[in-house]
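In what follows, a single structure is set out as structure tokens and then discussed.
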Amino acid sequence: MKNTIIITGGAGFIGSHVVRLFVNKYPEYHIINVDKLTYAGNLANLKDVEDKPNYTFVRADICDFDTIYALMQREHVDGIIHLAAESHVDRSIKDPFTFAKTNVMGTLSLLQAAKLYWESLPEGYEGKRFYHISTDEVYGALEMTHPEGIQPPFSTKASSGQHHLAYGELFFTEDLKYQPHSPYSAAKASSDHFVRAYHDTYGLPTIVTNCSNNYGPYQFPEKLIPLFINNIRHRRPLPVYGKGENVRDWLYVEDHARAIDVIFHRGTIAETYNIGGFNEWKNIDIIRVLINTVDRLLGRPEGADMDLITYVTDRAGHDLRYAIDSSKLQRELGWEPSLQFEEGIEKTVRWYLDHQDWMDNVTSGDYQKYYDEMYKNR
Ligand code: NAD
Ligand code: TYD
């Protein structure tokens, strides 16, 4: 049984949901959240679990090999679930070096620490696991052969309305060649290669998963959905890149966290699993849903804020379409997304509207000053 687990990036968006799930579901495990607390890391995301006896927070940079190695030895770590990364494409275009450092060198530092520590144990790699969380963006971009939409061949959730239609015949499958375009996805692709190389060269028990776009509570409001919900609320312009025709495949974050739980415990070593909800949407269609939902929940006439839509210069190298085939995960491990998109969006919009204090805190950056002060002498 893997019972002392490091979760990296646990103070971020997805990581906080994974930490919460593991801390609550496995009281017999010791969950160690290792996070540097960059602008994206916020301990307020974990307020409800911070006092649990099976939870420890360690502020550390994953690039700091000595600290990670010492932590693994001291805590007898059996498993690593690695989410820490620089994650925003627009930032990667402005500052690619930080992305290479954290996403590539940080992952390498974790791999090497795990290898050295586990190799030093009498049981070696027995019962150990290094689980690397990656993105579908490593596969590049798919063509949009059906811009008006077609019915996907194996949608699990296809039901109401045109928004469940897919826009091309191809999906990202696990055997697809990597073709990253942004510095973010190039750095993630590189880290994925290092993880697989550590398995193939040293036998490290690794697993890689590639997931589609996540949405839900606690996402930093630089990403499309929380940024736009907050802007609609305050009647600020909504900067739509290009024509808003780009397609993303959206998964509710708690469904991703559940998939991580299933794969960490039952996934096959050295395998790759794609994670996604067969839920492709054009950006502009999501934006219209967000406007209608925010307006309705705030008691404004539905659609009153459509004039906030502002078309701006496209993102450089903007990938046209992502669509992930997660049928291997569904078939082999029985995981399925639990939420319909309409339900997930409604929950998400409600959460952001009900947590304006959280939003104000992250947008002002006050929590960062607090951490800098708190951790100054440690
Ligand atoms: P996020 O930006 O919200 O959180 C990243 C976390 O990592 C933050 O808490 C940050 O403080 C921490 N971190 C950054 N650099 C660090 C370092 N050097 N050392 C230690 N901690 C550091 O990201 P997210 O959206 O939660 O994504 C988590 C992971 O999931 C990433 O690896 C990302 O590539 C992957 N992923 C994200 C999505 C998505 O839609 N958000 C989809 C698929 C995969
Ligand atoms: P984002 O949330 O940054 O995720 P990713 O780039 O990883 O897919 O963006 C989702 C989509 O929304 C993407 O096609 C870019 C687009 N977008 C905008 O049109 N305007 C914005 O202000 C942002 C942040 C994103």
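The values are calculated or read from the model by the stated rules, or taken from the named source; none is laboratory data. Values in this document were obtained by computation on a predicted structure and should not be read as measured data. In this analysis, Cβ positions are derived from the backbone assuming ideal geometry, glycine residues included, and neighbour counts consider all displayed protein chains.
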Legend entry - Residue that is without any contact (Cβ under 8 Å) to a residue 40 or more places away in the chain, within 22 Å of residue 106 (Cβ to Cβ) and small (Gly, Ala, Ser), where the choices are 60, 40: 60
Inset, instruction - Would you be able to say whether some residue in region 71-80 is assigned to a helix (DSSP H, G or I) and within 16 Å of ligand 2 (Cβ to nearest atom)? - result: no
Legend entry - The listed residue being of a type in the set (A, V, I, L, M, F, W, C) and crowded, with 16+ Cβ neighbours inside 10 Å, out of 259, 316, 270: 259
Inset, instruction - Find all pairs meeting these conditions: Cβ atoms under 6 angstrom apart; at least six residues apart or on different chains; first residue within region 198-225 and within 21 Å of residue 111 (Cα to Cα) and within 8 Å of ligand 1 (Cβ to nearest atom); second residue assigned to a strand (DSSP E or B) and hydrophobic (A, V, I, L, M, F, W, C). - result: 211/275
Inset, instruction - Return only the number of the condition from (1) crowded, with 23+ Cβ neighbours inside 10 Å; (2) near ligand 1 (Cβ under 8 Å from one of its atoms); (3) among the hydroxyl-bearing types (Ser, Thr, Tyr) that residue 107 does not satisfy. - result: (2)
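Tell me, please, whether a residue that is closer than 26 Å to residue 376 by Cβ and either among the β-branched types (Val, Ile, Thr) or within 15 Å of ligand 1 (Cβ to nearest atom) (or both) can be found in region 125-137. Explain how you work it out, then say what you get.
Our first condition is that a residue be closer than 26 Å to residue 376 by Cβ; within region 125-137, this holds for none.
No, that holds for no residue.
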Legend entry - Cβ-Cβ under 8 Å pairs, at least 6 apart or on other chains, region 240-259 side within 11 Å of residue 338 (Cβ to Cβ) and modelled with pLDDT of 95 or more, far side in a strand (DSSP E or B) and of a type in the set (Ser, Thr, Tyr): 251/215; 252/215; 259/209; 259/273
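In this structure, does residue 37 turn out to be under 20 Å from residue 12 (Cβ atoms), aliphatic (A, V, I, L, M), at pLDDT 95 or above and outside any loop (DSSP other than H, G, I, E, B)? Write out each step before concluding.
Working: under 20 Å from residue 12 (Cβ atoms): yes; aliphatic (A, V, I, L, M): yes; at pLDDT 95 or above: yes; outside any loop (DSSP other than H, G, I, E, B): no.
Taking the combined requirement at face value, the residue does not satisfy it.
Conditions tested, residue by residue: (1) away from ligand 2 (no atom under 16 Å from the Cβ); (2) at positive phi.
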| residue | (1), (2) |
| --- | --- |
| 88 | no, no |
| 92 | no, no |
| 112 | yes, no |
| 124 | yes, yes |
| 127 | yes, yes |
| 130 | yes, no |
| 135 | no, no |
| 140 | no, yes |
Legend entry - strands (runs of 3 or more DSSP E) lying entirely in region 190-258 (those with 1 or more residues that are hydroxyl-bearing (Ser, Thr, Tyr), near ligand 2 (Cβ under 9 Å from one of its atoms) and within 14 Å of the chain's Cα centre (by Cα)): 213-215
Inset, instruction - With the condition kept exactly as written, say whether any residue in region 287-298 is at pLDDT 95 or above, within 10 Å of ligand 2 (Cβ to nearest atom) and over 24 Å from residue 193 (Cα atoms). - result: yes
